[in-house]
Amino acid sequence: MTRPRTVLVALAAGLVAAGSFLVLSPSASAASTLGAAAAEKGRYFGTAVAINKLSDSTYSSILNREFNMLTAENEMKIDALEPQQNQFNFTTADRLITRANEIGAKVRGHTLAWHSQQPGWMQNLSGTALRNAMKNHITQVMTHYKGKIYAWDVVNEAFDDSNGGRRDSNLQRTGNDWIEDAFRTARTADPAAKLCYNDYNTDNWSWAKTQAVYNMVRDFKARGVPIDCVGLQSHFNSGSPYPSNYRTTLENFAALGVDVQITELDIEGSGTTQATTYGNVVKDCLAVARCNGITVWGIRDTDSWRASGTPLLFDGSGNPKPAYNAVLSALNGGTTPSSPSSPSPSSPSPSSPSSPSPSGPTTPGSCSATTSVNAWTGGFVTTVKVTAGSSALTGWRVSVTVPGAVTNTWNASASGTSGAVTFSNVSYNGRVAAGQSTEFGFQGTGTAPSGTPTCAAA
C-alpha cells in the first residue's frame, strides 16, 4: 500500500530518532538508485554533503534521489561546531539533519576528535586542559545530536603514515590513552550511536599503518573499550592505488567483531579503469557481512576536494559516469537497470578548483608539480600531483608557498607549516616511473596557496 509522502517522512523521522535503520522505496524501480540498491543488500550508500550546495538544484536532485546516508563534509568538524570554547553553533549542521529526515536518510557524524581543523582556542591548549576540552566537545555535540546520528567518527586520523606509530599531535601529547578516553566519553554521551575510528591509508593489509590500527582495535575489544566500527577512507589514486588485498583488510577488521564502513571513497581516473575499480570496491564490501555501508566523498567531480582527478560518480553537469553504472551493477549483483535521467543543469555548478599550474620543463632526472585547490572561508585543501620526467624518480621534494598554516598532510612529510613549506615523499611513493605521477595533499587554515610549486628529484 502506498502511503502519502508526509506520512513516510514522519515515520522516517521517528525511526531515525529511535536509532532504527529505515530506507524508503520511492517507487517500484527503487533498485535503480544507489541507496535503494544498497538497502536491498542490507547496507547503505551515502555521500558527503556541503551544506552551502543544497541550493544548487542539480546537486540537490542527485542527493535526494541516490543516497540513504549523509555525512557533513565540514560542518560537523570541531572548528565549525565550537568556534569559541564552550560556545557551540549547531545551526548549519542541523540543516543536514533536516534534509536527511526529509528524504528518509540517516547521518554519519564526522568528526569529534581530530588533530586538524581545530579552532584557534583549542590549538592553544595542552595537557589536562586540552583533554578536558576534547571530552567536553564530545559530550556537548553528541548530547545535542543524541538519537539523530547513526554513527560517529569519534577519532580521526590518529596514526602516522610512515611507520605505523601514533601521529604526533597536541591530542597525542595529552597521553597515549586519549583515544580510549574519547571513545568512553562518547559511549556515555550517546549509548545508541555506533562509535567508529576513521583513517586513510589503512586499505592495504600489508601496510604498517593498517596493522597499527588493527592492533589498537583488537586491544580495545579485548579490554572492553567501546568501539563499534572502523572507517576506511579509501581515497585511491596513482600514489595510493586500490590494493589487491583490500577485501582481506575488510575481512580481518570485521573478524574483530566490529562493523567496517568505507567512509570517504573517491577513485581518481576515468572511463573503464575507474569504473572497474569502483565496482571491485563495492563487490569487496558486499562479500564481507560486516561491511555495512559505503560513502563517496562528494557527488559531482566538481564538488570533490581533488576535482582535477575526476574521482566521483557524476560529472560536473550531474550526468552519471561509467563508474556510477559499475557501482549500481555491483550493488544489483551484476544487473544494470536503466540509468537515471541526467539532471538538467538548471543552476550553475560550483566553481571548479583552480586549474593545475605546471612548474618547469620536464627534463631527465627532473620532476614537475601541479596543484588544485579547494578553498572555503577559513580553510583549504591542496592536492599536488608530482610527475617524473624522462627518467624515473627514486625520491622527490616539492616546495610550496603557504600564506596560511598547514594542519594536516597525507602521502608526504612536511617541513614547516607556513611560508616556504617543503613536502617530501614517504616510504611508499618515492619511486615514480618515467612520465608517471603520484599525488599528495595537505589541508590548512587561512589563505590557500596560489603560486606555482617547484619540484626537485631527491
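Going toward the positive end of the dipole of the chain, with +1 on Lys and Arg Cβ and -1 on Asp and Glu Cβ, which of W205, S450, F236 do you reach last?
It is W205, whose Cα lies furthest towards the positive end.
Assigning unit charges at the beta carbon (Lys, Arg +1; Asp, Glu -1) and nothing else, what dipole magnitude in debye, to the nearest 20, does the chain show about its Cα centre?
560 debye
Rolling a 1.4 Å sphere over the protein heavy atoms, what is the accessible area per residue of the chain, to the nearest Å²?
Ligands and nucleic acids excluded, the figure is 37 Å² per residue.
Accessible area of the range 237-312 with a 1.4 Å probe: how many percent of it is carbon plus sulfur?
Answer for the range 237-312: carbon and sulfur cover 49 percent of the accessible area.
At 222 nm, what value in deg cm²/dmol follows for the chain if DSSP H runs of at least 4 each add -39500 (n - 2.57) and the sum is divided by all its residues, to the nearest 500?
-8500 deg cm²/dmol
Carbon and sulfur atoms: what percent of the 1.4 Å accessible area of the range 391-453 do they account for?
Accessible surface attributable to carbon and sulfur in the range 391-453 totals 46 percent.
Per residue of the range 397-405, what does 6.51 cos²θ - 1.76 cosθ + 1.60 with θ = phi - 60° give for ³J(HN,Hα)? Whole Hz please, x for Gly and Pro, Karplus curve as stated.
With coefficients 6.51, -1.76 and 1.60, one gets 9, 10, 9, 10, 8, 10, x, x, 9 Hz.
Students often get this wrong, so check it: of K41/K146; K77/K148; K148/K283; K209/K283, which have C-alpha atoms separated by over 19 Å?
K41/K146; K148/K283; K209/K283, as the Cα separations exceed 19 Å there.
Below 9 angstrom from the Cβ of L70, what's the summed charge of the other residues (Lys, Arg +1; Asp, Glu -1)?
Around L70, the surrounding residues sum to +3.
Among W178, S415, V402, which residue has its Cα positioned farthest towards the positive end of the charge dipole of the chain, with +1 placed on the Cβ of Lys and Arg, -1 on the Cβ of Asp and Glu, and the dipole taken about the Cα centre?
Toward the positive end, the furthest listed residue is W178.
Counting only protein heavy atoms and using a 1.4 Å probe, what share of the accessible area of the range 22-156 belongs to carbon plus sulfur, as a whole percent?
45 percent
What are the ³J(HN,Hα) couplings of the range 261-269, residue after residue, when phi is run through the Karplus curve with 6.51, -1.76, 1.60 and θ = phi - 60°? Round to Hz, x for glycine and proline.
Here the 3J(HN,Hα) series is 10, 8, 9, 9, 5, 8, 10, 5, x Hz.
With an 8 Å Cα cut-off and a minimum separation of 6 or more residues, compute the relative contact order for the chain in percent.
13 percent
Taking percent of Cα pairs over 41 Å apart as the quantity of interest, determine which of (i) 18; (ii) 13; (iii) 40 was computed from the displayed structure.
It is the one labelled (ii).
Dipole of the range 164-247, Cα-centred, from +1 at each Lys and Arg C-beta and -1 at each Asp and Glu C-beta, to the nearest 20 debye?
The calculated dipole for the range 164-247 is roughly 140 debye.
The values are calculated or read from the model by the stated rules, or taken from the named source; none is laboratory data. Bear in mind the structure is a predicted one, so any value in this text is a computation, not a measurement. Every residue, glycine as well, gets a Cβ built from its backbone with ideal geometry; the counts of neighbours run over all protein chains shown. The area values use the complete protein model at the heavy-atom level, side chains included, leaving out ligands, DNA and RNA. Shrake-Rupley method; radii C 1.70, N 1.55, O 1.52, S 1.80 Å.
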